[in-house]
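Read-outs throughout are calculated quantities, based only on the coordinates presented, and are distinct from any laboratory measurement. Everything numeric in this text was worked out from a predicted model, so none of it was measured. For neighbour counting, all protein chains shown are included, and Cβ atoms are generated from backbone atoms with ideal geometry for every residue, glycine included.
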Amino acid sequence: FKAPSTDHPALYRDLLRTNRVHWIAEEPPAELVREKMMECHFRFRHQMALVPCVLTLNQDGSVWVTLVKPARAITPGQFAVFYKGDECLGSGKILRMGPSVYTMQQGKNREEGPKKEEVDKLEPAT
């Protein structure tokens, strides 16, 4: 699939899963173990801005990463690096991604059902 533009919604995702995370200071952070989720920041490219996210710990040590706003061009095989303030918490390789914003929009459009104009076209006025 090739997106028609660099900003196409198909390039944006807000959910991804890593493999087992390599934690630096704590294995895994106490807050994540206690709450099963933790707010922090992440990036997957060296120079990119940090993105707020919520980590959800899986039993195998991997995490689901839910981004506060969708990020562009996340690719399996890249590393997600997690931060709390200035501290690097650890990283994990991106294995899987949730549906793109484009897919989600398509789903929302389907759930809403046909638009009024479409219904008018289907049912001739009597």
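For the range 9-18, just list the computed ³J(HN,Hα) in residue order, Karplus coefficients 6.51, -1.76 and 1.60, θ = phi - 60°, integers in Hz, with x standing in for Gly and Pro.
Those phi angles translate into x, 5, 8, 9, 9, 10, 9, 8, 10, 9 Hz.
Please list the non-local residues whose amide H lies under 5 Å from the amide H of Phe79, H modeled 1.01 Å from N, same-chain partners needing a gap of 5 or more.
HN-HN under 5 Å from Phe79: Ile94.
How large is the charge dipole for the range 1-113, taken about the Cα centre, if only the Cβ atoms of Lys, Arg (+1) and Asp, Glu (-1) carry charge, to the nearest 20 debye?
480 debye
List the trypsin sites (Lys or Arg not before Pro) in the range 15-115 that DSSP assigns to loop (not H, G, I, E or B) and whose Cβ has at most 12 other Cβ atoms within 10 Å. Which are they?
Passing sites in the range 15-115 are Lys36, Lys115.
Dipole of the range 1-51, Cα-centred, from +1 at each Lys and Arg C-beta and -1 at each Asp and Glu C-beta, to the nearest 20 debye?
300 debye
Quick one: what are the phi-derived ³J(HN,Hα) couplings along the range 44-50, Karplus 6.51/-1.76/1.60 with θ = phi - 60°, whole Hz, x for glycine and proline?
For the range 44-50, the Karplus curve yields 10, 9, 3, 8, 6, 5, 6 Hz.
Just flag the chymotrypsin sites (Phe, Trp or Tyr not before Pro) in the range 1-61 sitting in loop per DSSP whose Cβ has no more than 11 other Cβ atoms within 10 Å.
When the chymotrypsin sites (Phe, Trp or Tyr not before Pro) of the range 1-61 are filtered for loop state and at most 11 Cβ neighbours within 10 Å, Phe1 remain.
When N counts the residues of the range 9-102, how does its alpha-carbon radius of gyration compare numerically with 2.2 N^0.38 Å, as a ratio?
0.98
Rounded to whole Hz and in sequence order, give me ³J(HN,Hα) for the range 94-103 from the Karplus expression 6.51 cos²θ - 1.76 cosθ + 1.60, θ = phi - 60°, writing x for Gly and Pro.
Computed from phi, the couplings for the range 94-103 are 6, 9, 9, 10, x, x, 6, 4, 4, 4 Hz.
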